[in-house]
Every structure is written in structure tokens, then in C-alpha cells.
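The values are calculated or read from the model by the stated rules, or taken from the named source; none is laboratory data. As the structure is a prediction and not an experimental result, all values here were calculated from the model. In this analysis, Cβ positions are derived from the backbone assuming ideal geometry, glycine residues included, and neighbour counts consider all displayed protein chains. Heads up: the accessible areas ignore ligands, DNA and RNA and are worked out on the full protein's heavy atoms, side chains in. Shrake-Rupley method; radii C 1.70, N 1.55, O 1.52, S 1.80 Å.
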Amino acid sequence: MCGIIGAVAQRNVAPILIEGLKRLEYRGYDSAGVALLQDQEIKRIRTTGRVAALEEAVREQNAHGLTGIAHTRWATHGAPTEGNAHPHVSGGIAVVHNGIIENHEALRAELKQAGFSFTSQTDTEVIAHLINHYFKSCRDLFQATREAVARLQGAYAIGVVCDSMPNKLIAARQGSPLLIGVGVEEHFIASDTSALLPVTQRFIYLEDGDVAELGLTSIVVVDKNGAAVSRAIQQSELRAEMVELGEYRHYMQKEIYEQPRALSDTLQELINGGVQPILFGMEAESILSTIERITFLACGTSYHSALTARYWIEALAGIPCNAEIASEYRYRTSVPDPKALIVTISQSGETADTLSALKHAQSLGHEYTLTICNVSESALVRESRLNMITRAGPEIGVASTKAFTTQLAALFTLALVLAKLRGRLNAVEEQKQIAALRALPGQMQRVLALESRVQRWAERFAEKQHALFLGRGMHYPIALEGALKLKEISYIHAEAYPAGELKHGPLALVDKDMPVIAIAPNDALLEKLKSNLQEVRARGGELYVVLDEDTHIQDMDEIHKITLPLHAGWLSPILHVVPLQMLSYHAALQKGTDVDKPRNLAKSVTVE
Ligand code: M6R
């Protein structure tokens, strides 16, 4: 989704803004733009396509300034053209925006009536005109922005500058992420910390309804009631190099290879301190002892984590669970259960659908909330009573990989804590599970070593139009995840089914052109799965099977096999997803798609 960066400083901020935009590229975008206060005027440059084109235009035109804002746009209202790219300008005021203004049509009609003319199809242009409208009477950018945002319905994070107010940068947020970077006699705004790491590690996280005025040495924040508030400055542990590519060709590749480290970091406290409710927060023991059911809310890959966790929690802790797609849950009539724990799962913690689903659950009276999230300062973490932060580190590739496996590690931890609180995990079993978790990063290294074999599969897949993924039990969500990864970055149409469903319909699709990928761990469902594989072979389907070292599958003609280490018990899904991640990565490489920034997609989906 759109990325925002802004700066007010005593040095030329153009390079800072361009570098920030490059660091926000991962969010997904189709055009970019910058506005700099140059010689008491707004110097605006906008381009379609990549930030590199904008950088080139800035260099050619020698654009510079001590104050400025910049933006990457992911089109919602209006095509991805230069005219629709941000910043939008009205009078001497320039605005960048992330979010959707729901009442933009009514405001547009009102502003046209007042004599403003529009040059774009965007909802954002109304914000620029509205601020200009109020600025004409008060001549104060902070005040004008506050009056303007009071008229907006929907979600926004905005940055505003004005040619007659150099050394001033205004920021406001409601529903979309925005933070302030605190420097020495210079201040910044951005959609996330990664954009600002080269210039600061000190951040203020704005809350919904906040409007802020940034000067060289001052930061004034007012909250949604118009009261001046003091928001704490937080020191980030992130460093600039953590979001750099290093020796890797793509972020997705880097992030796949970071998984053993990410798992160790996420599991460190559990492995050192044992299965303790405190891993989820101060109130965890009382809340987790009280709840009688769990509802998971999440989207995309995070939803697949929820589906997997359901198998673990029901089997180990005996607590009924349901997993719901956040965008569906928030609009359906559900029956609230006051004893239910609402668990949201999200890499970014800013996914609009998941956040709204949590707020919807709270509005229904759900008091017990927990989030599993990779960003400790995110909106979901702030809104939830309990949390566990996955220690994956920044995930830049649009295709989620290390976030997924660390979510699974956190959710398995939750299953163990709930089992222990209910007297279903004795000391011997606890130690056994901790030992299994300790071994997990090493086992994953062995799976990663299989890359060249997966690569050979990918060469065959790249020619295909469709693929079918099969799994059973807790590996069915892994099949879903494999199919999502493949379609997301290689654009090969893929579906996933529980293998037992094959003959209820999808078997009709199977022929020699349909590769079928089956996840065949050595678990209780293996014999059933083998019968399903025979059904595929009998119809001429080409089988690709991911096995465990101790899985015995009779040799069949034309069956392609990749063998993982010995069956990892409950933790098996965390290992079995890795070859599927590598398969989609290499299929995308073969097809020459943009692996880290697949078409039409955004990393952090901050609009509905
Ligand atoms: O940040 P979140 O985990 O809330 O994001 C949810 C989905 O948008 C995300 O998992 C998406 O499906 C990924 N691109 C999949 O790789």
C-alpha cells in the first residue's frame, strides 16, 4: 500500500526522501512523487513506475529543499497515472495520503461549489483543497489541517507542507500507519520505521486521531479531542542493515534463509524459561485460564497460521477453536461468546481488515484479546490485551515466509501454555516439546539444503498454467499456503484441497498437464493419503511429493520426491512449508516475475 515519508531539516532532504521511498518500495506501489519547498515554491515531481525513475527526474531537475514530502502510490481511486500520483497540490499546499476517504464524493461536490477545480480522479485531492480552503481564513497550516481532517470519513495518514510556511511539516493519522522520526534539529514522518533507519532510530508512534506539527526543534501533537498530548519517544532496536539485501538476490530468498535464526529468536524465551503464560503478557495467566473457546481472525498467510493452530490447540489443550477470515468476520452476524479469546494474527499488525475485525469483536463485547504479531509498535499490538511478538525481523518481500513460520512457532507456544494451564501437559511432556522446538532451527537448515532439488521441480512448474496442492490434517493449511505462494509470485493458478476431497470434485481437473503436489509426512493420515495419490496416478497426473525420511511410499512411475528429515511430529508443518516456499520462489525466477513486488499486490494492506 501507499508509502509516506517527509522531512524538515537544515540540509537538503531530497536524498533522504528518495532513500526513504526506496525503503518503502516493498509495500507495493505503481507511481511515486515528491514535493520540496524550493525557493519559496512547491517543486513537485511525479512519475509512474519505479522510484528509480523519480530519483532520476529529481537529479535531472536538480530538485532540492530543506522541507519536503514524498509518496509511493498504490492506486485505489483513479488509474496509476502521473496525474493521479501524489503529492496533490492546492494553492501552495502539498499533501501525501495513505488510506481511503469514504466521503470524498460529497466533499468534492462541496469544494467544486466553492470554486476549487480538480485535476485528478483521486480521493486525496479533496484533502489538499480542504486544507487550502481552511488555510485561506486562518493562515495556519496546523489549524487548517485539523479543521480539514475533522471533515474526513475513512482512513488516512497524511503529510502536509506549505510554501508560505517553510520549516513546518504537518502529519495526521486515522486508521492508517504513520510515525514521527526524531532527529537532532530535524524531524521526519514515515509509514514505517524502515524508511527512516538511515537517519534516526528514535520514533514517536502517532495514535488514531492525532495531528502533529513538526518544526526543526519542536513537535506538537494534539489528540482527537484537540487536546495537546505528549507521546513517548521510543528507541528502535532495528538497524538500517537489517532491511538491506546483502548477499541475496531477493528479499524473499533472504527471508526464507533467515528462518532458522528467526525461529531461534522467537522461541528463545520459551526454551530458556519453560512453558509460562507470561510469554503472552502480564494478564495472560488469568485470561488464558478463563477462556473456553478461541476465535482466530487473520488474512492471507496469517489465516493459514490460524488454521494450523486450530489442529494443535484442539488436540493438545482441548479448547474448541474456529479460524475466520477477518474481512468476512467483520461483516457477518456472529454470536459473541464472552468466554472466547479473540486471537488476531498478523505480520504487519496494520492490516485494515484484521484491525477492523478486532474492533468489531470488541464492539460485540469480547474482552479477551491476544495478538501474534511481528511489529511490536503496531496498531494490533496496541489494541490487544495480550500479545506475543514474533522475532522474525522486518519482512520486506510481499510473499510472507519467515513471518509465517515464526507465527506457527508462537501459536505452538500458545497451544503448550493452554495445555499446561489445563493440566494436559506434564513435566516430561513439556521437556519433550521444548527439546523438539530446540531442534527445529537445525532441522530447518537441513530442509533449506534441499534447494537444488526444489529448483529442478520449479523448472518443470514454470511451464504450467495450473497446479494442485494436496495435504491432510494439519498439513492441509500448508497445502493452502503452498498454493497461495505459487500464485502470488509466479502467477501460476494454484488450488489446495484436503486430499480426501479429491474425488468430490477436483479429481476432474487432473490430467497430464496438471502437476499435483502432495505433502506426505509420516503421520497417522499417511495411508489415507497414499490412496489419494494412487487416484491421481490412475488419471495420468504428475505427482510431486514432499516426504519425511521415514515415510514409506511405494515407488510409482513418474513420481517426483523430496525427502525431509525424520517426521517432526506436531512441528512438521513448520518444516513442510519450506520446500513449497522455495518452489514458488524458483518458479517465479524461471518465469522472470518481480519476486519481491508481485503485480497488483502490496505488502501491508492498510485499506479495506
Ligand atoms: O500483515 P498481515 O500478516 O496481516 O498480512 C496478511 C496478508 O495480507 C498477507 O499474509 C498476504 O497474504 C501475504 N502477501 C501472503 O504471502
**Prompt:** Across segment 30-53, which residue is nearest to I489 (Cα to Cα) among those that are open to solvent by 20 Å² or more (accessible area, probe 1.4 Å) and touching a residue at least 40 places away in the same chain (Cβ under 8 Å)?
**Reply:** D30
**Enumeration of residues in segment 372-392 that are part of a loop (DSSP other than H, G, I, E, B), open to solvent by 20 Å² or more (accessible area, probe 1.4 Å) and away from the ligand (no atom under 12 Å from the Cβ)** = S376, E377, R385, R391
**Prompt:** Which one of these does H493 not meet: (1) touching a residue at least 60 places away in the same chain (Cβ under 8 Å); (2) out of contact with any Gly (no Cβ under 8 Å at 6 or more places or on another chain)?
**Reply:** (1)
**Message:** Condition first: under 17 Å from T308 (Cα atoms) and of a type in the set (F, W, Y). Now tell me which residues in segment 481-527 satisfy that.
**Reply:** Y497
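Take the conditions within 12 Å of the ligand (Cβ to nearest atom), of a type outside the set (D, E, K, R) and buried (at least 18 other Cβ atoms within 10 Å of the Cβ) and apply them to T369. Does it pass? So that I can check it myself, show each step before the final result.
Working: within 12 Å of the ligand (Cβ to nearest atom): no; of a type outside the set (D, E, K, R): yes; buried (at least 18 other Cβ atoms within 10 Å of the Cβ): yes.
In short, no.
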**Prompt:** Among the residues of segment 575-597, is there at least one that is open to solvent by 30 Å² or more (accessible area, probe 1.4 Å), without any contact (Cβ under 8 Å) to a residue 60 or more places away in the chain and in contact with a strand residue (DSSP E or B) (Cβ under 7 Å, 6 or more places away or on another chain)?
**Reply:** no
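Would it be correct to say that V595 is hydrophobic (A, V, I, L, M, F, W, C), at pLDDT 90 or above and within 16 Å of the ligand (Cβ to nearest atom)? Write out each step before concluding.
On the way: hydrophobic (A, V, I, L, M, F, W, C): yes; at pLDDT 90 or above: yes; within 16 Å of the ligand (Cβ to nearest atom): yes.
Criteria met by V595.
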**Asked** Looking at this structure, is E56 in contact with a strand residue (DSSP E or B) (Cβ under 9 Å, 6 or more places away or on another chain), open to solvent by 60 Å² or more (accessible area, probe 1.4 Å) and not in a loop (DSSP other than H, G, I, E, B)?
**Response** yes
**Fill in**
Filtering segment 151-192 for residues that are open to solvent by less than 10 Å² (accessible area, probe 1.4 Å), polar (S, T, N, Q) and over 29 Å from the mean Cα position of the chain (by Cα) leaves a count of 0
**Asked** Among the residues of segment 336-357, which ones are more than 9 Å from the ligand (Cβ to nearest atom), outside any helix (DSSP H, G or I) and either of a type in the set (V, I, T) or open to solvent by less than 10 Å² (accessible area, probe 1.4 Å) (or both)?
**Response** A340, L341, I342, V343
**Message:** Please verify whether Y311 is over 14 Å from A361 (Cβ atoms), over 19 Å from the mean Cα position of the chain (by Cα) and buried (at least 16 other Cβ atoms within 10 Å of the Cβ), treating the condition exactly as stated.
**Reply:** yes
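So, S194, is that one modelled with pLDDT under 95, in contact with a Pro (Cβ under 9 Å, 6 or more places away or on another chain) and within 20 Å of G33 (Cβ to Cβ) or not? Break it down into steps so the answer makes sense when it comes.
Details: modelled with pLDDT under 95: yes; in contact with a Pro (Cβ under 9 Å, 6 or more places away or on another chain): yes; within 20 Å of G33 (Cβ to Cβ): yes.
Yes.
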**Message:** Looking for something closer than 30 Å to T413 by Cα and open to solvent by 20 Å² or more (accessible area, probe 1.4 Å) - is there at least one such residue anywhere in segment 208-228?
**Reply:** no
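Yes or no, residue by residue, for (1) within 16 Å of the ligand (Cβ to nearest atom); (2) out of contact with any Leu (no Cβ under 6 Å at 6 or more places or on another chain); (3) charged (D, E, K, R):
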{"position": "L502", "(1), (2), (3)": "no, yes, no"}
{"position": "R537", "(1), (2), (3)": "no, yes, yes"}
{"position": "D548", "(1), (2), (3)": "no, no, yes"}
{"position": "H560", "(1), (2), (3)": "no, yes, no"}
{"position": "H567", "(1), (2), (3)": "no, yes, no"}
{"position": "V578", "(1), (2), (3)": "yes, yes, no"}
{"position": "L583", "(1), (2), (3)": "yes, yes, no"}
{"position": "K591", "(1), (2), (3)": "no, yes, yes"}
**Message:** Whether any residue in segment 319-335 is in contact (Cβ under 8 Å) with a residue 60 or more places away in the chain, under 26 Å from A403 (Cα atoms) and away from the ligand (no atom under 16 Å from the Cβ) is what I want to check.
**Reply:** yes
